1. Quick one: in the stretch 50-87, of everything that is of a type in the set (Phe, Trp, Tyr) and under 16 Å from THR29 (Cβ atoms), which residue is surrounded by the most Cβ atoms within 10 Å (Cβ to Cβ)?
2. Among the residues of the stretch 102-112, are any touching a residue at least 60 places away in the same chain (Cβ under 8 Å) and either of a type in the set (A, V, I, L, M) or closer than 19 Å to PRO175 by Cα (or both)?
3. Collect the residues in the stretch 63-101 that are among the charged types (D, E, K, R), in a helix (DSSP H, G or I) and either touching a His at 6+ places or on another chain (Cβ under 6 Å) or over 20 Å from ASP111 (Cβ atoms) (or both), keeping them in residue-number order.
4. So which residues in the stretch 152-163 are surrounded by 14 or more Cβ atoms within 10 Å (Cβ to Cβ) and either not acidic (Asp, Glu) or not in a strand (DSSP E or B) (or both)?
5. When the residues of the stretch 120-149 are filtered to those that are assigned to a loop (DSSP other than H, G, I, E, B) and out of contact with any strand residue (DSSP E or B) (no Cβ under 7 Å at 6 or more places or on another chain), which remaining residue is surrounded by the most Cβ atoms within 10 Å (Cβ to Cβ)?
6. Within the stretch 114-142, count every residue that is modelled with pLDDT under 95 and in contact with a Ser or Thr (Cβ under 9 Å, 6 or more places away or on another chain).
7. Name the pairs whose Cβ atoms lie under 7 Å apart, with the first residue in the stretch 135-161 and over 20 Å from VAL187 (Cβ atoms), the second among the hydroxyl-bearing types (Ser, Thr, Tyr) and surrounded by fewer than 17 Cβ atoms within 10 Å (Cβ to Cβ), and 6 or more positions between them or separate chains?
8. Within the stretch 88-95, can one find any residue that is surrounded by 19 or more Cβ atoms within 10 Å (Cβ to Cβ), of a type outside the set (Asp, Glu), more than 18 Å from ASP132 (Cβ to Cβ) and in contact (Cβ under 8 Å) with a residue 40 or more places away in the chain?
Amino acid sequence: MGQADRQKTKKWLLMKITAGELKSREIFTLKHLRLVESRIREVLSGLLSDEVRGKDVLDLFAGAGSLGIEALSWGAGKSWFVDRDKRQVFLVRKNLSGLGLLSKAEVYSKDAFSAVEYFQRTGKKFSLIFLDPPYNQGQLTKSLKTLSAYDILEPSGFIVSLGFYKEDAECENLPCVFDRKYGDRRVKMFKKSAVKK
């Protein structure tokens, strides 16, 4: 990391990728963003790394892009990043560029809900969708309802939600296969193939 980047870390934080071929490489995140703790990313790696190898991943409410980048490190084929904040979109692109991952990514400066509608309209589907919206704004429940209404999840695909520990959001028609609290965060995982017919 150059001197200019070190000076910029006064307003940015550095976080390390926890697993996969990019393990221990660093990415930038804005100080005001709520980080996905390394222990959570490690747990997700253990649960999902084999499931996403060579497949497409969507990181909604991407922030700095840490979850989608972790998935690429696990061997995902391509990650799509969506965030409406242009500063965070810039940061996602900066992180992807620094890791040599731009060719394995698509980055959208877009509202998450209109992005889901767009993907459904264009026929795009994903094997894994990450949801990490702002706390206590009703966005997690709204996101899961939107994903229930717009089918952009592949058969046997997963949705991983990260919300406030008191939030008990559900995804209609998709059973929860993992539910655990880490500090003030609740991680839930829903699996499409577990749907009862």
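The values are calculated or read from the model by the stated rules, or taken from the named source; none is laboratory data. This is a predicted model, so every value here is computed, not measured. Reconstructed Cβ throughout: ideal geometry from the backbone, glycine too, with neighbour counts over all protein chains shown.
1. Within the stretch 50-87, the match that is surrounded by the most Cβ atoms within 10 Å (Cβ to Cβ) is PHE81.
2. Checking the stretch 102-112: not a single residue is touching a residue at least 60 places away in the same chain (Cβ under 8 Å) and either of a type in the set (A, V, I, L, M) or closer than 19 Å to PRO175 by Cα (or both).
3. Correct list: GLU70, LYS94.
4. Across the stretch 152-163, the qualifying residues are ILE152, LEU153, GLY157, PHE158, ILE159, VAL160, SER161, LEU162, GLY163.
5. Among residues in the stretch 120-149 that are assigned to a loop (DSSP other than H, G, I, E, B) and out of contact with any strand residue (DSSP E or B) (no Cβ under 7 Å at 6 or more places or on another chain), the one surrounded by the most Cβ atoms within 10 Å (Cβ to Cβ) is PRO133.
6. Matching residues across the stretch 114-142 total 3.
7. So the pair list comes out as PRO155/SER193.
8. no
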